[in-house]
Amino acid sequence: MERNKVDIEQVKRYVRGELSPREMHALERRAQDDPMLMDIVLGMELAEQGVHAANLADIRARIGRRTGGGRVRRLSTAQRWAVAASVLLAVTVSTVWFLRDDVQAPNELAVAPPVADERPIPSAAPERSEEAAQEPSAAEAPARAASRGDAQGATAGGQPRAAAADRLAVATEPQRETEAADETRVEAYAPQPKRLQEAEMARVAADEPTLKAEVREGLAANAAGVQVAERLSGQAAGITIRGTSASRMRPIKGKVLDSETQRPLPGAVLRLAGDTTVTTDAEGVFTISGQADLRDVALLGYELDAVQIAGKDTIVLAMAPIDLSLDEVVVVGYGRAKRQKASEPEPAVGWRAYNRYLKGGMRQADGPKGTVTLAFTVDGKGRPTDIRVLSSTNEALNDPAIRLVQQGADWLPGKNGERTAELKMRF
Amino acid sequence: MKWLGNPERKTTPEDDDLLVRRYRETGDLSLLGRLFDAHAEMVYYVCMRYLQDGERSKDAVMEIFEELVHKINKQEIQRFGSWLYVLSKNHCLMKLRSGKKMQQVSMDEFVEFPMPVHQGDDAAEKEQRLTALERCLEKLPEKQKRSVDLFFLQERCYKEIAEATGYSMNEVKSYIQNGKRNLRLCMEASHGTE
């Protein structure tokens with residue numbers, strides 16, 4: 001018996017009215033005994049077949065995405081990001097190279113060597129030694145630094161475009177710069193002057209080694225630029241040119257201070273791009289990876305006041321206190337919370353005083369011992385009325401107990417208006 | 001009963017079993033996708049039938065798929081198609097029950113399916129049941145009686161019944177449904193008294 005084999009094509013023909021009465025009856029009869037078939041028939045009759053077809057196509061697509069296709073989709077997103085990243089990188093590289101190329105021009109005029117002659121690096125070596133005298137680190141490092149300085153030198157020369165070089169800062173350590181000779185990676189952070197971006201990328205297409213050689217040549221000729229570069233390095237970074245990937249990942253340190261007292265603020269939360277957060281430590285110090293993009297700083301009762309760039313890789317975030325505070329909350333501890341069932345009436349003088357009163361009264365009635373449990377109702381004035389004895393181990397104590405309560409303090413009704421109370425008294 | 005000979009289906013139960021087994025071994029979601037895909041049409045129409053809305057049904061189908069991912073490794077599955085049908089139907093009914101905003105679908109509209117009536121081998125018992133059936137049939141309201149008679153005994157299709165009686169298609173369906181239920185209740189009652 002093939003009961004669970006539902007032939008949907010047949011149902012479709014049925015719904016379209018293409019079946020003979022015999023076949024229709026057979027299907028209807030079968031549907032009487034097969035809930036699945038019945039549901040399919042009824043479901044299919046609810047809309048046009050075209051609507052169903054569209055819905056089913058959508059469902060198939062969704063299943064595809066959910067199962068196999070999903071992975072492909074995700075990959076393609078990653079690829080899109082990769083494309084975007086490389087385009088950005090390309091634009092940045094070309095912008096910066098163009099800039100270098102541009103400010104290079106006067107030096108080229110001065111040195112005037114044809115490109116082919118510039119290629120051999122050793123030819124530049126003796127000149128570099130001049131710089132080495134000024135900065136006692138690895139020989140290549142000043143060369144790199146000087147490239148910036150060179151740019152500055154050109155600025156002084158009155159090149160309008162080179163003004164943008166003011167925003168350049170070398171943010172790498174000398175020992176890292178030695179690697180930079182092999183591979184130059186350029187990255188742009190934040191505000192680039194617009195007119196640099198519109199720069200003709202075609203002009204920059206020149207091959208890297210040639211340019212490097214050019215730069216080195218140019219730098220060597222203008223050793224004075226080194227100092228300019230050093231001065232620049234402390235300034236706010238517009239474009240940061242860095243060495244290899246090792247230095248790229250160097251973390252940035254920073255401190256969050258109260259702008260009024262200059263004291264460090266621990267516990268401030270820095271929100272970075274990608275929804276990650278970093279919290280300052282007890283000294284108000286934080287560390288973020290060099291790649292991270294700082295979005296926001298938050299600390300209760302403070303708002304961001306100023307951002308100072310201190311040194312090559314240190315940021316100081318000053319936060320000013322704001323006049324927002326929560327209302328004071330007074331928390332009071334109660335010693336005898338257990339006895340006070342919130343829903344029951346309690347003595348107006350409090351349990352402590354009342355117990356003292358009862359104790360005094362019970363001592364006066366010295367003689368017989370026992371326990372009396374009373375029940376009573378608190379009337380509108382707070383007086384206990386309708387006092388009854390619920391249980392007693394000594395009848396003789398009943399009257400003194402009732403009298404004590406009658407003569408005792410007023411009662412407050414319970415929180416929800418309860419007026420009946422029980423009281424156990426041990427004589 | 002034999003289903004109309006037209007066995008062109010994308011998967012056979014053997015394929016289903018194989019896919020279920022392979023999915024359980026590998027955990028490869030694409031296998032489950034293939035398996036579900038073959039039954040997606042059925043699931044969709046079932047959702048449609050209960051939820052009465054294309055968009056909701058589409059969402060429900062995907063929810064049922066997630067439920068399937070969740071449940072397939074936890075339950076013993078004899079026949080995947082039937083199992084999936086029950087899963088789908090329950091899902092839709094749960095949805096109807098939880099969604100207060102949904103339009104009310106009265107329970108009367110739902111078809112009730114009797115347990116397969118036990119096959120009485122005994123000829124006498126069968127005879128007895130038949131007479132009881134006739135008696136019960138006579139007790140039915142006229143419209144139900146006519147519809148049930150035409151459908152079950154004279155084997156006419158809904159359309160023919162509608163033409164013959166002048167009732168609308170939906171009336172015919174509900175008469176048959178209600179007549180069947182009344183018959184069953186009557187039969188159970190008479191069986192109980194004997």
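We did not get these values from a lab; they are worked out from the coordinates using the rules stated. What you see is a predicted model, and the numbers here were worked out from it, not measured in a lab. Positions of Cβ are backbone-derived with ideal geometry, glycine not excepted, and every protein chain shown enters the neighbour counts.
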Which distance in Å, rounded to a whole number, links the C-alpha centroids of the range B:60-80 and the range A:393-427? 66 Å
What is the order of A:ASP410, A:ASP323, fewest Cβ neighbours within 10 Å to most? A:ASP323, A:ASP410
Pairs B:LYS89/B:LYS126; A:LYS12/B:LYS145; A:LYS12/B:LYS126: which exceed 31 Å Cα-Cα? B:LYS89/B:LYS126; A:LYS12/B:LYS126
With a sphere of radius 14 Å drawn around the Cβ of B:MET62, what net charge do the other residues whose Cβ falls strictly inside it have (Lys, Arg +1; Asp, Glu -1)? 0
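Sort B:SER190, B:SER168 so the one with the fewest other Cβ atoms within 10 Å of its own Cβ comes first. List each step's numbers first, then the result.
On the way: B:SER190 16, B:SER168 10.
Result, fewest neighbours first: B:SER168, B:SER190.
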Using modelled backbone amide H atoms (1.01 Å from N, in-plane), which distant-in-sequence or interchain residues come within less than 5 Å of A:LYS255's amide H? A:PHE286, A:ILE315, A:VAL316, A:LEU317
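Take B:TYR175, A:TYR302 and order them by how many other Cβ atoms sit within 10 Å, fewest up front.
Values: B:TYR175 24, A:TYR302 19.
In increasing order of surrounding Cβ atoms, one gets A:TYR302, B:TYR175.
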In this structure, among B:LYS139/B:LYS173; B:LYS95/B:LYS159; B:LYS74/B:LYS173, pairs with alpha-carbon gaps over 30 Å are B:LYS95/B:LYS159; B:LYS74/B:LYS173
Residues other than A:LEU317 with Cβ under 15 Å of its Cβ, Lys/Arg counted +1 and Asp/Glu -1, net out at -4
